[in-house]
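**Q** Before anything else, here's the structure in question.
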Amino acid sequence: MGTIVKIMSHIHIKNLNKSYLDRSPNTANKKDHRISVLENVNLEFEDGEMVCILGPSGCGKSTLLKMIAGFEKPTSGEVLIDGQPIEGPRSDNIFVFQHSGLLPWMTVWENVELGVRHLTDTEKKKSRIKEHINMVELTGFEYHYPHQLSGGMLRRAELARALAVNPNTLIMDEPFSGLDFLTHMKIREEVVNMHELIKKTTLVVTHDIDDALIMGDRIIVMSDRPAQVKLEQKLDCGRPRNLGEDKELKVLRDEIFFMLGVSYAV
Amino acid sequence: MFRKEIILPILTFVCIVIIWELITRYSGWSHQVFPSPLSVLLSLQELASNGNLLKHSVASLFRVSMGFALAVILGLPIGIVLGLSKTAKYLFNPLFQFLRPISPLAWIPLAMLWFGIGDLPAVFLIFLSSFFPMVVSTSTAVESIKPTFFQVAANFNFSRYETITKIVMPAIIPEVTTALRITITIAWLVVVAAEMIAVQSGLGYMILDSRNALRMDYVMVGMIVIGIIGLLLDLIMQLLGNIESTAWGRLSK
Ligand SMILES: Nc1ncnc2c1ncn2[C@@H]1O[C@H](COP(=O)(O)OP(=O)(O)O)[C@@H](O)[C@H]1O
Ligand SMILES: [Mg+2]
């Protein structure tokens with residue numbers, strides 16, 4: 001009987017399962033044929049951690065994030081945030097969408113305003129919006145509509161909107177996908193800096209192993225569908241990280257490549 | 001400078017007038033049956049200057065605006081409700097789908113019986129012609145809103161009211177402006193037919209009355225004016241859809 005050390009876990013995923021009704025033509029006539037997407041997922045994330053989730057395409061990464069965000073209900077098991085089961089979407093648990101979640105009929109300013117629209121002090125509200133637009137370097141684009149922005153600017157604007165809420169958890173689904181190489185690097189760096197600054201629990205799904213190694217305090221590798229946790233690795237090395245020089249990271253990188261079915265790391 | 005989009009349509013109309021003139025000269029039909037372009041032009045001038053044309057056009061436009069406005073005011077919210085609520089959809093959609101293909105003209109006998117003579121039966125027929133397309137296109141537009149937008153709404157704790165005003169209404173504007181264009185055209189088609197019964201004014205009445213007087217030149221004037229007003233109505237609806245904040249749908253895709 002030792003002393004029980006209670007770890008403050010911010011997000012606790014317990015025996016999580018998710019399946020969808022299979023509607024593909026050859027199974028449509030069989031009732032109750034279900035596709036299992038997540039199988040018995042158990043994870044704990046600490047408060048303020050940057051968690052990177054890797055996995056093959058279509059394995060269920062987005063599904064996992066959507067359940068943490070409260071958009072989808074688990075088939076069984078539960079997701080607890082600060083010990084409380086998630087009832088549904090909440091504004092202290094902000095989701096950044098893979099394909100832009102900005103509202104196309106609103107300007108950058110109006111989109112960012114969504115998260116602070118209840119502030120009664122208009123001066124405070126204005127400065128909060130300004131501050132966050134400034135933070136993602138979109139000053140001068142306040143009155144632009146999403147269709148007038150580049151891919152990188154869209155991500156930044158959505159990030160500003162999310163941060164303006166001051167959420168406890170930030171959930172990002174492939175925030176760098178579809179960006180050119182340089183923009184990818186730049187926005188990744190900004191997300192890392194932002195995280196250093198505000199230290200909020202941040203979940204990032206990515207298909208880029210280097211993203212995970214550069215960013216993550218904790219790296220999760222999921223298997224093919226139905227997704228199970230194949231690897232969970234806490235990274236204690238500080239940042240900025242150099243993948244070329246850090247031996248430990250290099251070994252881990254090869255290991256993850258192998259795990260995802262590629263035998264020669266590129 | 002040769003501007004195709006301006007020159008070619010003019011060319012088409014010039015050709016038609018020439019063919020028309022040739023027919024009146026060489027077909028052997030009397031001018032009573034097939035008036036010449038010039039006589040129609042003179043009749044147009046006559047009807048325009050004695051005020052008849054304006055009076056009838058205004059009467060038709062008044063009925064169309066009333067019926068159309070009523071259809072939009074009722075059709076939009078009902079369409080939104082049907083698009084958002086599965087229960088409402090299953091309750092009412094079959095009814096609307098059933099009533100929609102019935103030509104408004106089939107309602108003429110009942111409309112006259114219920115509303116007597118005057119503006120009311122015509123307004124009712126125009127309302128019917130516009131209401132169902134409005135409801136159906138609105139509800140389809142609502143159903144096709146990307147789920148992402150509703151997830152954003154839930155994520156930012158939107159109230160029901162906010163979800164409708166900040167997500168649903170702006171999201172359906174591109175489809176609704178298209179529906180308005182199509183619907184006003186239908187309404188304009190119907191008003192002429194509606195005015196051939198039970199009223200003593202309007203372009204439809206003018207055409208019918210001229211036929212009874214065997215004045216085919218007046219009939220043609222009526223047709224030309226109907227065409228021109230129809231074009232203008234369509235143009236107005238198109239301009240409405242071009243206002244920058246409402247054009248996001250076309251610009252973003
Ligand atoms: N609403 C849904 N209905 C049925 N199947 C779904 C639904 N959402 C996702 N899926 C299926 O679940 C699997 C995982 O999807 P997803 O979580 O988007 O994968 P990814 O890891 O690429 O983000 C896919 O095979 C997808 O077809
Ligand atoms: Mg995904």
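The values are calculated or read from the model by the stated rules, or taken from the named source; none is laboratory data. Since we're looking at a predicted model, the values are computed, not measured. In this analysis, Cβ positions are derived from the backbone assuming ideal geometry, glycine residues included, and neighbour counts consider all displayed protein chains.
**Q** For A:Lys130, all conditions in the list (1) within 25 Å of A:Asp217 (Cβ to Cβ); (2) modelled with pLDDT of 95 or more; (3) not aliphatic (A, V, I, L, M) hold save one; what is the number of the exception?
**A** Here A:Lys130 clears every test but (1).
**Q** What are the pairs with Cβ atoms under 8 angstrom where one residue, in segment A:230-250, is within 12 Å of A:Arg218 (Cβ to Cβ) and the other, located anywhere, is among the charged types (D, E, K, R)? Sequence gap at least six, or different chains.
**A** Partner pairs satisfying both residue conditions: A:Leu231/A:Glu255; A:Glu232/A:Arg218; A:Gln233/A:Arg218; A:Lys234/A:Asp217; A:Lys234/A:Arg218; A:Leu235/A:Asp217; A:Leu235/A:Arg218.
**Q** Which of the residues belonging to segment B:97-139 are farther than 30 Å from B:Pro170 by Cα and not in a helix (DSSP H, G or I)?
**A** B:Ile102, B:Ser103, B:Gly116, B:Ile117, B:Gly118
**Q** Still on this model: Within segment B:231-253, restricting attention to residues that are modelled with pLDDT of 60 or more and buried (at least 17 other Cβ atoms within 10 Å of the Cβ), which residue is farthest from the other protein chains (Cβ to nearest Cβ)?
**A** B:Leu233
**Q** Could you check how many residues of segment A:75-122 are free of Cβ contacts under 8 Å to residues at least 60 places away in the same chain and of a type in the set (Gly, Ala, Ser)?
**A** 4
**Q** Quick one: is A:Ser62 within 16 Å of ligand 1 (Cβ to nearest atom) and not in a strand (DSSP E or B)?
**A** Here the answer is yes, as A:Ser62 does meet what is asked.
**Q** On to the next question. State which residue is nearest to A:Thr206 (Cα to Cα) when the search covers only segment A:71-96 and only residues that are within 8 Å of chain B (Cβ to nearest Cβ) and part of a loop (DSSP other than H, G, I, E, B).
**A** A:Phe71
**Q** Do any strands (runs of 3 or more DSSP E) lying entirely in segment A:182-260 carry at least 3 residues that are buried (at least 16 other Cβ atoms within 10 Å of the Cβ) and either touching a Lys or Arg at 6+ places or on another chain (Cβ under 7 Å) or modelled with pLDDT of 90 or more (or both), and which ones are they?
**A** In segment A:182-260, the matching strands (runs of 3 or more DSSP E) lie at A:201-205, A:218-222.
**Q** Which condition number in (1) of a type outside the set (Lys, Arg); (2) away from every other protein chain (no Cβ under 12 Å); (3) within 16 Å of ligand 2 (Cβ to nearest atom); (4) surrounded by fewer than 16 Cβ atoms within 10 Å (Cβ to Cβ) is the one that A:Cys59 fails?
**A** (4)
**Q** Do you know which residues across segment B:148-184 are small (Gly, Ala, Ser) and not in a helix (DSSP H, G or I)?
**A** B:Ser159
**Q** Does any residue of segment B:154-176 turn out to be away from every other protein chain (no Cβ under 13 Å), among the hydrophobic types (A, V, I, L, M, F, W, C) and under 12 Å from the mean Cα position of the chain (by Cα)?
**A** Checked segment B:154-176: no residue is away from every other protein chain (no Cβ under 13 Å), among the hydrophobic types (A, V, I, L, M, F, W, C) and under 12 Å from the mean Cα position of the chain (by Cα).
**Q** Mind counting the residues in segment B:49-69 that are in contact with a helix residue (DSSP H, G or I) (Cβ under 9 Å, 6 or more places away or on another chain) and either crowded, with 22+ Cβ neighbours inside 10 Å or assigned to a loop (DSSP other than H, G, I, E, B) (or both)?
**A** 7
**Q** Given the condition more than 14 Å from chain B (Cβ to nearest Cβ), within 16 Å of ligand 1 (Cβ to nearest atom), in contact with a strand residue (DSSP E or B) (Cβ under 7 Å, 6 or more places away or on another chain) and within 26 Å of B:Lys166 (Cα to Cα), answer yes or no: does some residue in segment A:203-218 qualify?
**A** no
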